[in-house]
Amino acid sequence: MANVLPTDIKKQTQKEYSLRFWSLVLVLVMLLAIFAGVLLIPSYLVSLTEESGKIEQIKLIKASSSLREDDKREEIFELTEAELNLVKAQVEDVSLEKLINEVLFAKREAGGISVINISYNTQKEKNSIVSVRGIAKTRADLLRFTKELENRPIFGEIALPVSSLKNDTNLTFSLTSEVIN
């Protein structure tokens, strides 16, 4: 079939066809955008509620962590206060400093003694007890150290287990004594 339409009408028909085609594409794109927007609304609402829930959880966690930090600070404060009270403790005019100095002076006088630990236990009804652990080079050094401690006025009778004297050299010992006013 031969095309007998004049060129002007052909161009006008082509423009109308093109206009209809692009109008349809534009309408379809707009419908697609509206459809996508409608489908996104529930997701958006769910996201908003989850976000507000997460924000509330964060606030609760921050509040509980600050409470835990306050509890930890209070516990540390109480432990520090207890340690300070222990350091300040004096038992009937016998200070810890004086007690430690007496043990170290006896150590120097006896010679051959290494003091590892000095423990001090206060008792309300009786005299307090001091325990000294260490290593003596020889049995004679240990006996001399025990005698030096007995000669000190703040120590009572020294309890030295016999098992501490079983070796001749490198004796590990642990002795205890009451602290006297």
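Computed quantities for the displayed model
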{"item": "Subset tally (residues that are part of a strand (DSSP E or B) and either among the hydrophobic types (A, V, I, L, M, F, W, C) or open to solvent by 90 Å² or more (accessible area, probe 1.4 Å) (or both)) for segment 150-161", "result": "4"}
{"item": "Meets criteria (touching an Asp or Glu at 6+ places or on another chain (Cβ under 6 Å), in a helix (DSSP H, G or I) and closer than 30 Å to PHE155 by Cβ) for GLU109", "result": "yes"}
{"item": "Neighbours by Cβ (under 9 Å, 6+ apart or cross-chain): first from segment 135-149, assigned to a helix (DSSP H, G or I); second buried (at least 21 other Cβ atoms within 10 Å of the Cβ) and hydroxyl-bearing (Ser, Thr, Tyr)", "result": "LEU149/SER177"}
{"item": "Exclusive hit being open to solvent by 70 Å² or more (accessible area, probe 1.4 Å) and closer than 30 Å to VAL179 by Cβ, set GLU50, GLU97", "result": "GLU97"}
{"item": "Options ASN127, ASN117; residue that is touching a Gly at 6+ places or on another chain (Cβ under 9 Å), open to solvent by 30 Å² or more (accessible area, probe 1.4 Å), farther than 15 Å from SER164 by Cα and in a loop (DSSP other than H, G, I, E, B)", "result": "ASN127"}
{"item": "Answer residue from segment 162-178, given it is in a helix (DSSP H, G or I) and touching a residue at least 12 places away in the same chain (Cβ under 8 Å) and is surrounded by the most Cβ atoms within 10 Å (Cβ to Cβ) among those", "result": "SER164"}
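Residue-by-condition table, conditions (1) part of a helix (DSSP H, G or I); (2) under 30 Å from PHE155 (Cβ atoms); (3) at pLDDT 90 or above:
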| position | (1), (2), (3) |
| --- | --- |
| LYS15 | yes, no, yes |
| GLU50 | yes, no, yes |
| ALA63 | yes, no, no |
| SER66 | yes, no, no |
| VAL87 | yes, yes, no |
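The values are calculated or read from the model by the stated rules, or taken from the named source; none is laboratory data. Values in this document were obtained by computation on a predicted structure and should not be read as measured data. Ideal geometry is used to build each Cβ from the backbone, glycine not excepted, and the neighbour counts take in all protein chains shown. Surface areas here come from the heavy atoms of the whole protein model, side chains and all, with no ligands, DNA or RNA. Shrake-Rupley method; radii C 1.70, N 1.55, O 1.52, S 1.80 Å.
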